[in-house]
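Q: The following block contains the structure, expressed as structure tokens.
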Amino acid sequence: MIGYVPGASALHRAHPYTTLAAAAALLMGAFAMTGPLEVWVLVAAAAVFAAVGGVLRASARTALLLSLPVWVLLFVLHGLLGPDPRVAVGPVVLSAPGLARALVLGGRLAAIVLGFLTALAAVSPHRLVEAMTADGAPFGRAFLLASTLTVLPRMRERAARILEAQQCRGLRLRGSPLSRLKALVPLALPLVLGALAEVDEQVLALDARGAASGARRTALEPPRDSTWQRALRWTLLLFVVAAYAWKFWRLRR
Amino acid sequence: MDVRLAGIRFSYGAVEALRGVDLALAAGEQVALLGPNGAGKTTLTRLLVALRRPSAGRVTVGDWEVAHRRPDEMARRVGYVFQHADQQLFARSIEEDVAFGPRCLGLRRPRVGPVLEELGLAAVARLHPYDVPAPTRKLVALAGVLAMEPRVLVLDEPTAGLDRPQRDLVVEALRGRARDGVTVLAVSHDLGFVAEAADRVVVMREGRIAEDRPVRELLWDAPALRGLGLRPPATVEVSVALRLGGRPVRTAEVVEGMRGVKWRQAPE
Amino acid sequence: MTTLVTLERVSFGYPGAARPALTEVSLEVRPREVLLVTGPAGAGTSTLLLVATGFAPRVVGGTLGGVRRLAARRCGVVFARPWTQLTGLCSTVRDEVAFGPASLGLPRAAVLAAAARALEQLRVAHLADRDPSQLSGGELQRVVVAAALALEPDVLALDDPAAELDPEAADALYDALPSFAAGGTAVLLATPDLQRAARVATRVIGVADGRVVADGRPAEVLTGTDVALLARAADCPPPFPVDVSALLGRIAPDASRRGHDPSDAPPAGSGPDPGATAR
């Protein structure tokens with residue numbers, strides 16, 4: 001599950017800037033945290049974020065799928081090959097600092113991916129553009145941001161159709177690793193070439209609808225903001241600043 | 001090669017797209033598949049290449065049970081031409097792209113040249129697929145499938161976006177294959193093409209087959225066509241109005257039928 | 001009657017292309033016309049539409065030679081693939097159609113009124129609250145045309161607009177074109193579907209190899225259609241009729257009046273000669 005999922009959760013109903021601010025806070029906070037415990041508290045916060053958005057199960061599953069290979073790599077690299085002292089974890093003996101490092105890096109990844117997926121799921125591109133329009137943002141910027149949010153589901157759908165077409169031309173997805181790598185070319189190239197060809201048409205169509213008119217767009221239904229949401233966003237910003245200040249203060253000690 | 005679908009049912013989740021379809025195509029038959037959007041036509045064609053599995057029923061192509069095969073295996077017998085060419089073109093030149101399918105199947109390369117000639121692509125063979133207009137790319141996709149020499153051809157809207165000369169190339173290519181015993185199944189909204197390229201018309205509605213008749217019968221049956229929301233092509237309308245013998249539906253036949261007659265012009 | 005677009009010996013080449021796409025094209029587009037631009041694939045029909053509406057070279061790049069005068073306030077363009085023309089940002093059809101007027105900064109009430117009018121014109125008002133990404137190809141294409149019309153363009157260019165549509169929807173779309181023109185818009189149409197286009201076109205431009213080779217009434221220019229072929233087979237002198245009823249009116253007036261009832265015998269005096277061999 002990657003992309004917008006319609007819903008009525010608090011995150012969906014909130015102003016898009018608020019939901020995005022929370023995800024950004026998780027992302028930046030993840031890098032400010034340096035110890036395994038802190039990082040995994042942040043991961044728990046990310047899970048709460050996902051639960052509030054009503055997408056905990058789906059985004060947790062996707063986050064796990066995406067993170068698992070990296071986690072395995074981290075544990076091998078840092079856990080097995082890290083410096084002494086060593087600690088026994090079940091049948092294996094791992095480096096203690098290495099394990100801590102792996103937990104920090106792995107936790108950061110989890111928090112970021114979970115936060116990102118939740119934001120994607122809860123922020124409708126339409127509402128985001130409306131919010132930016134109401135603030136007078138030029139359309140191009142708003143469209144770019146919104147398109148970035150929808151690019152993954154669009155590409156995935158396209159990739160599935162390309163796979164079908166090439167399989168019907170005899171493309172085998174089995175065999176040696178080399179042949180599988182070679183099979184990527186007829187899958188990836190049409191994806192890119194087709195997307196580029198469609199972009200041309202889309203740019204023309206948007207221009208024809210006045211997207212580049214330069215006039216200030218009329219927002220038809222701007223999302224409602226509120227004082228406490230603004231306060232929340234400022235609080236999140238302060239939290240991130242404080243987290244970094246604490247990190248640098250501890251480093252200097 | 002003959003194709004058989006028996007007792008086919010298929011659902012997308014809770015929606016039943018195919019509700020008991022039985023269809024048998026003989027080798028060398030050219031069949032047009034018509035019906036409103038959502039009737040199940042494309043879904044049916046996907047079953048023939050194992051892109052979808054029916055929830056009930058049996059699909060056989062020759063002596064192969066499609067249920068036991070993968071799409072890349074089915075490609076040895078069934079050539080599927082998708083409606084949108086751009087989802088499969090990728091090579092540096094048109095020639096290379098057309099050679100991709102045969103190469104995947106392990107066939108020899110020379111089969112590419114004649115197919116390019118046949119579809120009028122010899123002059124652009126060295127160009128990149130995206131350097132030619134979209135209708136020409138559709139012909140490139142068709143060439144890529146024909147070069148694989150399938151015994152069954154399944155085409156989804158093969159003439160959409162093509163001009164008249166290009167459509168005629170497609171008609172000739174399909175007729176030639178049918179003469180060699182290749183079974184052709186084409187989903188099409190283009191009744192002019194259907195008149196030229198089909199012997200038999202199967203009409204689907206709401207997941208079932210509503211009509212299955214020889215082309216000359218169905219195209220001459222104006223009330224039936226109206227009931228399906230279709231208008232006969234110009235040649236058939238004229239042919240019916242003039243009551244030409246033998247029920248001609250192809251342009252050449254209608255013109256022949258009209259030439260054997262002395263005409264009087266109505267006063268202006 | 002003001003001319004909306006004047007092209008005087010215009011040439012156009014896409015960026016990086018070896019040969020020009022258009023050469024020495026002279027053309028005038030006037031209000032209320034339905035102009036069919038026809039030619040073989042790659043002849044430059046789509047390019048002519050883009051040049052006449054000002055999208056080339058402004059949006060697509062390239063070089064323009066000759067003189068072009070665009071008196072049209074606004075131009076709209078619609079392509080064959082409806083899904084590439086969605087903004088992807090609107091959750092309802094109404095918002096999608098309102099996107100154009102909203103982009104112009106019109107007041108909210110005017111935007112919604114323009115959208116409602118356009119939805120009515122394309123007979124898709126019943127889809128107003130639906131999600132554009134869930135529509136069928138035919139519905140989507142009509143929504144996209146409505147979205148272009150909502151801007152009330154002086155010139156509307158349509159490039160193979162019915163390519164994805166089933167026959168009923170295609171007929172409905174082409175049959176609606178004269179009503180757009182009646183409002184003052186000039187409709188430019190590029191399509192290989194000559195049978196449908198011929199029914200509604202007021203003028204036809206023939207293009208070959210980037211040059212205009214014909215410019216006149218449909219009957220004068222469309223000499224390669226099926227109907228023209230049949231007219232020739234019936235020894236009709238040119239100009240040939242452009243649609244079936246006109247043809248049947250010329251060569252077998254009774255058959256066309258009575259409809260397609262095979263049991264009627266033709267009366268003497270018109271139609272096929274009773275003494276000749278009918279195959």
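Q: Please work out which residue is farthest from the other protein chains (Cβ to nearest Cβ), limiting yourself to the range A:195-217 and to residues that are more than 29 Å from the chain's Cα centre (by Cα) and not aliphatic (A, V, I, L, M).
A: Checked the range A:195-217; the qualifying residue farthest from the other protein chains (Cβ to nearest Cβ) is A:Gly214.
Q: Please verify whether the range A:177-186 includes one or more residues that are surrounded by fewer than 17 Cβ atoms within 10 Å (Cβ to Cβ) and touching a helix residue (DSSP H, G or I) at 6+ places or on another chain (Cβ under 9 Å).
A: Checking the range A:177-186: not a single residue is surrounded by fewer than 17 Cβ atoms within 10 Å (Cβ to Cβ) and touching a helix residue (DSSP H, G or I) at 6+ places or on another chain (Cβ under 9 Å).
Q: What pairs can you find where one residue is in the range C:178-197 and at positive phi, the other is in a loop (DSSP other than H, G, I, E, B) and surrounded by fewer than 23 Cβ atoms within 10 Å (Cβ to Cβ), and their Cβ atoms are less than 7 Å apart, with a gap of 6+ or different chains?
A: C:Gly184/C:Pro31; C:Gly184/C:Arg32
Q: Which of (1) buried (at least 17 other Cβ atoms within 10 Å of the Cβ); (2) over 25 Å from A:Trp228 (Cβ atoms) does A:Asp84 not meet, given it meets every other one?
A: (1)
Q: A follow-up question, please. Buried (at least 18 other Cβ atoms within 10 Å of the Cβ), in contact (Cβ under 8 Å) with a residue 60 or more places away in the chain and outside any strand (DSSP E or B): does that describe B:Arg76?
A: Judged against the criteria, B:Arg76 is a match.
Q: Tell me, please, whether a residue that is in contact with a His (Cβ under 8 Å, 6 or more places away or on another chain), free of Cβ contacts under 8 Å to residues at least 12 places away in the same chain, more than 19 Å from C:Arg30 (Cβ to Cβ) and assigned by TED's automatic domain parsing to the domain that holds C:Pro107 can be found in the range C:170-177.
A: Checking the range C:170-177: not a single residue is in contact with a His (Cβ under 8 Å, 6 or more places away or on another chain), free of Cβ contacts under 8 Å to residues at least 12 places away in the same chain, more than 19 Å from C:Arg30 (Cβ to Cβ) and assigned by TED's automatic domain parsing to the domain that holds C:Pro107.
Q: Another question, then. Just give me the residues in the range C:44-53 being more than 12 Å from the chain's Cα centre (by Cα) and part of a helix (DSSP H, G or I), in sequence order.
A: Selection gives C:Thr47, C:Leu48, C:Leu50, C:Val51, C:Ala52.
Q: Please identify the pairs in which a residue from the range C:218-243 that is under 26 Å from C:Glu33 (Cα atoms) and within 9 Å of chain B (Cβ to nearest Cβ) has its Cβ atom under 8 Å from the Cβ atom of a residue that is among the hydroxyl-bearing types (Ser, Thr, Tyr) and buried (at least 18 other Cβ atoms within 10 Å of the Cβ), counting only partners at least 6 apart or on another chain.
A: What qualifies is C:Asp226/B:Thr235; C:Asp226/B:Thr251.
Q: Can I ask one more? How about the range B:35-49: which of its residues are over 15 Å from B:Gly20 (Cα atoms) and either touching a Leu at 6+ places or on another chain (Cβ under 6 Å) or basic (Lys, Arg) (or both)?
A: B:Arg46 - this is the single residue of the range B:35-49 that is over 15 Å from B:Gly20 (Cα atoms) and either touching a Leu at 6+ places or on another chain (Cβ under 6 Å) or basic (Lys, Arg) (or both).
Q: Still on this structure: When you go through (1) within 7 Å of another protein chain (Cβ to nearest Cβ); (2) crowded, with 24+ Cβ neighbours inside 10 Å one by one for C:Thr53, which number turns out not to apply?
A: Unmet for C:Thr53, out of (1) within 7 Å of another protein chain (Cβ to nearest Cβ); (2) crowded, with 24+ Cβ neighbours inside 10 Å: (1).
Q: If you don't mind, another one. Among the residues of the range A:191-203, is there at least one that is closer than 30 Å to C:Phe79 by Cα, touching a residue at least 60 places away in the same chain (Cβ under 8 Å) and exposed (fewer than 14 other Cβ atoms within 10 Å of the Cβ)?
A: No - not one qualifying residue is present in the range A:191-203.
Q: Taking into account only those residues within the range B:22-48 that are within 12 Å of the chain's Cα centre (by Cα) and not charged (D, E, K, R), which is surrounded by the fewest Cβ atoms within 10 Å (Cβ to Cβ)?
A: This residue is B:Thr42.
Q: Quick one: how many residues across the range C:20-43 are of a type outside the set (S, T, N, Q), in contact (Cβ under 8 Å) with a residue 60 or more places away in the chain and either out of contact with any helix residue (DSSP H, G or I) (no Cβ under 9 Å at 6 or more places or on another chain) or not in a loop (DSSP other than H, G, I, E, B) (or both)?
A: So the count comes out to 12.
Q: Would you confirm whether or not the range C:150-171 contains a residue that is surrounded by fewer than 17 Cβ atoms within 10 Å (Cβ to Cβ) and either modelled with pLDDT under 95 or within 22 Å of the chain's Cα centre (by Cα) (or both)?
A: There is at least one residue in the range C:150-171 that is surrounded by fewer than 17 Cβ atoms within 10 Å (Cβ to Cβ) and either modelled with pLDDT under 95 or within 22 Å of the chain's Cα centre (by Cα) (or both).
Q: Taking A:Leu171 as meeting all but one of (1) within 13 Å of chain B (Cβ to nearest Cβ); (2) exposed (fewer than 12 other Cβ atoms within 10 Å of the Cβ), write down the number of the exception.
A: Answer for A:Leu171: the failing condition is (2).
Q: A further question on this structure: Which of (1) within 12 Å of chain C (Cβ to nearest Cβ); (2) farther than 26 Å from C:Ala163 by Cβ is the odd one out, the single condition B:Asp180 does not satisfy?
A: (1)
Q: Inspect all residues belonging to the range B:77-87 and state whether any of them is over 19 Å from B:Asp156 (Cβ atoms) and facing chain A (nearest Cβ under 10 Å).
A: no
Q: In the range B:95-196, which helices (runs of 4 or more DSSP H) lie fully inside it and hold 1 or more residues that are in contact with a His (Cβ under 9 Å, 6 or more places away or on another chain)?
A: B:134-146
Q: Hey, among the residues in the range A:79-98 that are part of a helix (DSSP H, G or I) and in contact with a strand residue (DSSP E or B) (Cβ under 7 Å, 6 or more places away or on another chain), which one's farthest from A:Leu27 (Cα to Cα)?
A: A:Leu80
Q: May I pose another question? Go through the range A:15-52 residue by residue and tally those that are at pLDDT below 90, outside any helix (DSSP H, G or I) and either more than 17 Å from A:Ala111 (Cα to Cα) or not hydrophobic (A, V, I, L, M, F, W, C) (or both).
A: Total meeting the criteria: 2.
Q: Let me ask another. Among the candidates B:Glu217, B:Glu256, single out the residue that is acidic (Asp, Glu), within 14 Å of chain C (Cβ to nearest Cβ) and surrounded by 15 or more Cβ atoms within 10 Å (Cβ to Cβ).
A: Residue meeting the stated conditions: B:Glu256.
So that you can scan it fast, the table gives a plain yes or no per residue for (1) part of a strand (DSSP E or B); (2) more than 11 Å from every other protein chain (Cβ to nearest Cβ); (3) closer than 19 Å to A:Leu206 by Cβ:
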| position | (1), (2), (3) |
| --- | --- |
| C:Leu158 | yes, yes, yes |
| C:Ala163 | no, no, no |
| C:Ala181 | no, yes, no |
| C:Leu189 | yes, yes, no |
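Q: Can you name the number of the only condition in (1) closer than 22 Å to A:Gly210 by Cβ; (2) without any contact (Cβ under 8 Å) to a residue 60 or more places away in the chain that A:Arg174 fails?
A: Condition (1) is where A:Arg174 drops out.
Q: Quick check on A:Arg161: is it on the phi < 0 side of the Ramachandran plot, modelled with pLDDT of 85 or more, within 13 Å of chain B (Cβ to nearest Cβ) and not in a helix (DSSP H, G or I)?
A: When the stated conditions are applied, A:Arg161 does not pass them.
Q: Would you please list the contacts, defined by Cβ atoms under 7 Å and residues six or more apart or on different chains, that run from a residue in the range B:148-166 that is within 14 Å of chain C (Cβ to nearest Cβ) to a residue that is among the polar types (S, T, N, Q) and outside any loop (DSSP other than H, G, I, E, B)?
A: Between residues of the range B:148-166 that are within 14 Å of chain C (Cβ to nearest Cβ) and residues that are among the polar types (S, T, N, Q) and outside any loop (DSSP other than H, G, I, E, B), the close pairs are B:Asp156/B:Thr42; B:Asp156/B:Thr45.
Q: State whether one or more residues within the range C:66-76 are assigned to a strand (DSSP E or B), under 17 Å from A:Ala211 (Cβ atoms) and assigned by TED's automatic domain parsing to the domain that holds C:Ala181.
A: yes
Q: OK, next. Taking C:Gln121 as the residue in question, decide whether it is closer than 21 Å to A:Glu201 by Cα and either in the same structural domain as C:Arg9 (by TED's automatic domain parsing) or buried (at least 24 other Cβ atoms within 10 Å of the Cβ) (or both).
A: no
Q: For A:Leu42, indicate whether it is crowded, with 16+ Cβ neighbours inside 10 Å and within 16 Å of A:Thr118 (Cβ to Cβ).
A: Yes, satisfied.
The values are calculated or read from the model by the stated rules, or taken from the named source; none is laboratory data. Owing to the predicted nature of the structure, the values given are computational and were not obtained by experimental measurement. Using ideal geometry, Cβ is built from the backbone for each residue, glycine included, and neighbour counts are taken over all protein chains shown.
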